[in-house]
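*Asks:* My questions will all concern the structure given below.
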Amino acid sequence: MRVSDVDILIIPGLNGASEQHWQSRWEAKLSTARRVAAPADGDAANWSKDVSTAVAEATRPLVLVAHGLGVAAVVNAVPKLPQTVVGAFFVAPLDLGE
């Protein structure tokens with residue numbers, strides 16, 4: 001599968017990512033990538049809704065790339081995600097169990 005065959009959603013951690021962070025670099029280099037940033041209020045439920053909305057708007061098979069607290073936003077959205085999600089790459093998920 002090539003990058004041009006899929007939509008890529010990058011879901012960074014709560015505070016986003018600097019220009020030098022790997023997520024920002026991937027977003028700049030991958031023509032089909034776009035970011036789903038945390039909402040300004042930091043509300044996790046709204047963030048999961050934003051992820052679900054972005055997934056629903058995808059026009060091709062979808063790969064999710066999430067980092068830190070962004071992983072939790074994706075996991076919370078999973079029950080609402082369609083079958084168009086063909087892959088996910090999770091980096092440094094936070095332990096929210098404590």
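*Asks:* Only one residue in ALA66, ALA73 is assigned to a strand (DSSP E or B) and either within 24 Å of SER31 (Cα to Cα) or out of contact with any Phe, Trp or Tyr (no Cβ under 8 Å at 6 or more places or on another chain) (or both), so which one is that?
*Replies:* Answer to the check: ALA66.
*Asks:* Quick check on my filter: what residues within the stretch 47-67 are open to solvent by less than 60 Å² (accessible area, probe 1.4 Å) and more than 12 Å from ILE10 (Cβ to Cβ)?
*Replies:* Residues satisfying the conditions are TRP47, SER48, SER52, VAL55, ALA58, PRO61.
*Asks:* Step by step: first the residues of the stretch 68-81, then only those that are of a type outside the set (D, E, K, R) and more than 23 Å from HIS21 (Cα to Cα), then the one that is most open to solvent (accessible area, probe 1.4 Å). Which residue is that?
*Replies:* Selected residue: PRO79.
*Asks:* Does ALA37 satisfy the criteria of being in contact (Cβ under 8 Å) with a residue 24 or more places away in the chain, touching an Asp or Glu at 6+ places or on another chain (Cβ under 9 Å), open to solvent by 40 Å² or more (accessible area, probe 1.4 Å) and aliphatic (A, V, I, L, M)?
*Replies:* yes
*Asks:* In the stretch 4-32, how many are part of a strand (DSSP E or B) and either within 17 Å of ALA72 (Cα to Cα) or open to solvent by 90 Å² or more (accessible area, probe 1.4 Å) (or both)?
*Replies:* 3
*Asks:* Would you please list the contacts, defined by Cβ atoms under 8 Å and residues six or more apart or on different chains, that run from a residue in the stretch 76-94 that is more than 11 Å from VAL55 (Cα to Cα) to a residue that is exposed (fewer than 15 other Cβ atoms within 10 Å of the Cβ) and at pLDDT 90 or above?
*Replies:* VAL86/PRO61
*Asks:* Pairs needed: first member in the stretch 10-33, farther than 20 Å from ARG60 by Cβ; second member anywhere, of a type in the set (S, T, N, Q) and surrounded by fewer than 19 Cβ atoms within 10 Å (Cβ to Cβ); C-beta distance under 6 Å; at least 6 residues apart or different chains.
*Replies:* From residues that are farther than 20 Å from ARG60 by Cβ, the pairs are ALA17/SER24.
The values are calculated or read from the model by the stated rules, or taken from the named source; none is laboratory data. Please read all numbers here as calculations on a predicted model, not as lab measurements. Glycine also receives a Cβ, built like all others from the backbone with ideal geometry; neighbour counts cover every protein chain displayed. Ligands, DNA and RNA are stripped out before the accessible areas are found, and what is left, the full protein with its side chains, is counted by its heavy atoms. Shrake-Rupley method; radii C 1.70, N 1.55, O 1.52, S 1.80 Å.
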